[in-house]
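Asker: So that we are looking at the same thing, I have put the structure below in C-alpha cells.
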Amino acid sequence: MDGAGELDPSFILMTNGPYFSPGQGGDYHVYPDGRVLMTGVHVLSDSIRGFEGFYSLVWFSNTGYLDTTATHRKCDGSIDFIHPLPDGKFLLSGIFTTYEGQPAGRIFRVHPDGALDTSFSTNIYWGQAYGCHLLDDGRILAAGRFQMTGDPDTLHLIRLMPNGTLDPTFNNHLSFEIDTLDGVSATVTAVHPLGDGRIALLGGFDRVGGLVRRGFVLTDTTGQLLSTALGGNGGGPYTYMNFTYGSIRDMVPAPDGGYYIHGSFVGYDDGTVNDSTQRFVSRLYGLNVGVREVPVKEPGASLLIHPNPASTWVVVRYDLGPQPANASISIRDLMGREVHRAAISAATGQLLWDTRQVPAGSYAVVLLGAASGPVTQQLIVQP
C-alpha cells in the first residue's frame, strides 16, 4: 500500500508474476530495500534455475517478482513463523520434521541466505512458536505451545540457551489453561520483555498458574508469575455461531507510554473498571492496570525525572544513599534493550540526557548500584 492506503502499482500482485503460485500462507519479513521473504507452503515453477514444487522459504524482489538470484528453501511441512535477528539470521517455526532434508526441531535458525544454522538445535518435536524475543545475552524467549523430548508437559513459555537447549534456570513450566473453547489448548502468542524486570505475555488463555488472567499476564525475568500485576480478568470471550472464544493476540506501544492490545475479545476488565463495550482493539494506560502509579522511592535511594514526558531533553536526579561502588544509570526501551548508560561516582547528582537520539515511546530509567537494589522510573519520550 502507498501512503493513502491504495495499492502501490510499482509492486505487482505476486500472483501476476511468473514462476510463483501461492499456496498456504505463513509469515513474512520485509528488508530495508523492499525485498520480501515469505514463509508458508507455495509452488515454484522456475525450471530454468531448478526450483520446482513446494517451497516454504521464498524470496521476492522489491517489485514483487520472484527473486531469481536467491536459493529458495523447502521443508516437509509448513513454516508459519519468522523472526528476524540483528545479525541477519532468522528464527523459524512451523509444522515440519525436516528442513532441506535435514532433521529440524520446531524452532530452528537459518543463515541470511536460508541455509540451516547447525550451531543452533532444539529438541521440540510438537507444536510451534508464535512469538520470540532475543535477549541481550543471546538467550531466546519463545512463546507458543511446545512438547520437548524427555518432558511430559506441554510448555507455553520457554527460554532457550544460545545453542537452542532449554535454559534450566528459567521457569519453563508455567501453566496456561483455557476454559472457553472445548478441544483447544491454551496458546501464548506474544512475549515482550518490558525492561523493568517484567515480561508481558499475551495469547489465548483464561488462567495462568491457577489465576484468572484472560489473554494478558506478566511474569518476572525468570518466568515466575507476578500475581499482583494486571489484577483484572482481562479480555472477555464472545460467542459467534455457537463458537465461544477469547484471546489477546499482541500489543503495540503507544506514544504516550500506554499500549494498544488487539485480538478476539469482547469486554475488558483491568481490575478497577470492567468495560463491556471494548471490542478487539483497546488502549491501556500502562501495565500497572487498576493501580495508581506513584513515583518510585526506595529507602536510601531515589530517582526523579523531569520533564516527563520529555521531547528534547530530560534531567535525571538521583540519590544512592551511601557512597556507591560501580553505580550507573541505564535507560532501556520496551524490549529491554539498553539505549544509554552513564557511570556515576557521586552518591547524589544529576544526569542530562538528549532524548532526541531515540524514537518516541516508553523507556525505563534504572538506577543501579544502590544498596537497596535497582530503582526504576518510567520515562515517556514524545516526538
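Asker: Filter region 226-248 down to the residues that are of a type in the set (A, V, I, L, M), at pLDDT 80 or above and either farther than 24 Å from residue 334 by Cα or in a strand (DSSP E or B) (or both) and list them by number.
Answerer: Listed by number, the list holds a single entry, 248.
Asker: Also, quick follow-up: What about residue 83, is it in a strand (DSSP E or B) and touching a Pro at 6+ places or on another chain (Cβ under 8 Å)?
Answerer: no
Asker: To continue, here is another question. Looking at region 185-223, which of its residues are assigned to a loop (DSSP other than H, G, I, E, B) and of a type in the set (Phe, Trp, Tyr)?
Answerer: Within region 185-223, 205 is the sole residue that qualifies.
Asker: Tell me yes or no: at least one residue of region 32-45 is within 27 Å of residue 94 (Cα to Cα), more than 31 Å from the chain's Cα centre (by Cα) and exposed (fewer than 14 other Cβ atoms within 10 Å of the Cβ).
Answerer: yes
Asker: Something else about it: May I ask you to say which residue of 151, 117, 167, 137 is in contact with a Leu (Cβ under 7 Å, 6 or more places away or on another chain), among the acidic types (Asp, Glu) and within 28 Å of residue 99 (Cβ to Cβ)?
Answerer: Residue meeting the stated conditions: 167.
Asker: Now for a different question. Residue check: is residue 36 among the β-branched types (Val, Ile, Thr) and either farther than 30 Å from residue 189 by Cα or in contact (Cβ under 8 Å) with a residue 24 or more places away in the chain (or both)?
Answerer: For residue 36, the condition - among the β-branched types (Val, Ile, Thr) and either farther than 30 Å from residue 189 by Cα or in contact (Cβ under 8 Å) with a residue 24 or more places away in the chain (or both) - is met.
Asker: Of the conditions (1) in contact with a Ser or Thr (Cβ under 7 Å, 6 or more places away or on another chain); (2) touching a residue at least 60 places away in the same chain (Cβ under 8 Å); (3) surrounded by fewer than 21 Cβ atoms within 10 Å (Cβ to Cβ), residue 246 clears all except one; give me its number.
Answerer: Condition (3) is where residue 246 drops out.
Asker: Is it true that some residue in region 140-160 is part of a loop (DSSP other than H, G, I, E, B) and within 20 Å of the chain's Cα centre (by Cα)?
Answerer: Checking region 140-160: not a single residue is part of a loop (DSSP other than H, G, I, E, B) and within 20 Å of the chain's Cα centre (by Cα).
Asker: Can you tell me how many residues in region 343-383 are assigned to a strand (DSSP E or B), free of Cβ contacts under 8 Å to residues at least 60 places away in the same chain and either under 22 Å from the mean Cα position of the chain (by Cα) or closer than 18 Å to residue 312 by Cα (or both)?
Answerer: Total satisfying the criteria: 5.
Asker: What are the pairs, 6+ residues apart or on separate chains, where a residue within region 100-119 that is outside any loop (DSSP other than H, G, I, E, B) has its Cβ under 6 Å from a residue that is polar (S, T, N, Q) and exposed (fewer than 13 other Cβ atoms within 10 Å of the Cβ)?
Answerer: 116/102
Asker: Could you tell me whether any residue of region 266-281 is among the small types (Gly, Ala, Ser), buried (at least 18 other Cβ atoms within 10 Å of the Cβ), under 20 Å from residue 187 (Cβ atoms) and at pLDDT 90 or above?
Answerer: no
Asker: Looking only at region 249-258, filter to residues that are modelled with pLDDT of 90 or more and not basic (Lys, Arg); which one of those is surrounded by the fewest Cβ atoms within 10 Å (Cβ to Cβ)?
Answerer: Step by step, filter region 249-258, then rank; the result is 252.
Asker: Which of the residues spanning region 213-243 are in contact (Cβ under 8 Å) with a residue 40 or more places away in the chain and within 30 Å of residue 358 (Cα to Cα)?
Answerer: 216, 218, 219, 222, 223, 229, 230
The values are calculated or read from the model by the stated rules, or taken from the named source; none is laboratory data. Nothing here was measured: the structure is a model prediction, and the numbers come from that model. Cβ sites come from the backbone with ideal geometry, for glycine too, and all protein chains shown count toward neighbours.
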